[in-house]
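Okay, so here's the structure we're looking at.
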Amino acid sequence: MSASTATLRRAVFPRVNVATSALLVLGGALFVALTAQISIPLPFTPVPLTGQTFGVLLVAASLGSVLGSLSMLTYLFLGLVGLPVYADQSSGWDIVRGATGGYLLGFIVAALVIGFLAERRWDQNFSSSVSAMLTGNVIIFAVGLSWLAWWLGDNGLPNGLSDVLEAGLYPFVPGEVLKLYLAGALLPLAWKAVERFKG
């Protein structure tokens, strides 16, 4: 094989260290599990205030679309099989099917999109990285609120637009803004940690 052919092959089929990638995926899932334990129940809504979205934003932007979304899938799976990784050390199908299930599913889609944007250099400065993370946040809440509307109606609770927004969006906006900017500020440190681990 000529040198030029070998170079082309490496460009098209880059060498993947499966063990390193698996550990990064698991590490990202466990980091989100850790941030999920920062949980404050609110008396007027079944959705608690948690640190999960901070973890999702940071993991997705630092791992990229494939590893980031796989990490969120792993997080969802770990909770489904009974490990206490969801908020308040909860787990199981009842949580996924419950009021917050849509947010959990939204994590996967958001990680895919944030990672995709990061791979296209949206992560190169603070403002564009925050924009990518904001896009991911919008996705999380779009999926989460749609699911919450179904859950409220299924449980005989008011599920009009204003009811859903009051239960699943408005109380969380200040915290989400804070988490968004904190994740953007810490992203360079996350990159360094990932690169060091890969190296």
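Given a Förster distance of 30 Å, report the FRET efficiency between residue 169 and residue 126 from their Cβ-Cβ distance, rounded to the nearest 0.05.
0.75
The calculated FRET efficiency for the pair residue 157 and residue 21, based on their C-beta separation and a Förster distance of 30 Å, comes to about 0.10.
For the chain, modelled as a Gaussian network with Cα springs under 10 Å, which listed residue fluctuates most, 137, 155, 125? Highest fluctuation among the options: 155. Between the C-alpha center of segment 59-82 and that of segment 85-141 there is a gap of 10 Å. In this structure, the amide hydrogen of residue 38, modeled 1.01 Å from its nitrogen in the peptide plane, lies closer than 5 angstrom to those of 51, counting only residues at least 5 positions away or on a different chain. Global size of the chain: 18.2, 69 Å for Rg and Dmax (C-alpha atoms, Rg to one decimal, Dmax whole). Remark: the chain carries a charge dipole of roughly 1020 debye about the Cα centre, counting +1 on each Lys and Arg Cβ and -1 on each Asp and Glu Cβ. Place +1 on the Cβ of every Lys and Arg and -1 on the Cβ of every Asp and Glu in segment 121-199, take the dipole about the Cα centre, and give the residue among 145, 124, 159 whose Cα lies farthest towards its positive end. It is 124. Spread over its residues, the convex hull of the C-alpha atoms of segment 80-175 is 113 Å³ per residue.
Tell me the Kirkwood radius of segment 44-127: reciprocal of the mean inverse pair distance over distinct alpha-carbon atoms, in Å. The answer is 13.2 Å. Of the trypsin sites (Lys or Arg not before Pro) found in segment 9-100, those in coil by DSSP whose Cβ has at most 16 other Cβ atoms within 10 Å are 15.
Note on the chain: GNM, Cα springs under 10 Å; of 110, 99, 142, the largest mean-square fluctuation is that of 142.
Computed from the coordinates by the stated procedures, all read-outs in this text should not be read as laboratory data. Bear in mind that the values here come from a model prediction, so they are computed numbers and not experimental data. In this analysis, Cβ positions are derived from the backbone assuming ideal geometry, glycine residues included, and neighbour counts consider all displayed protein chains.
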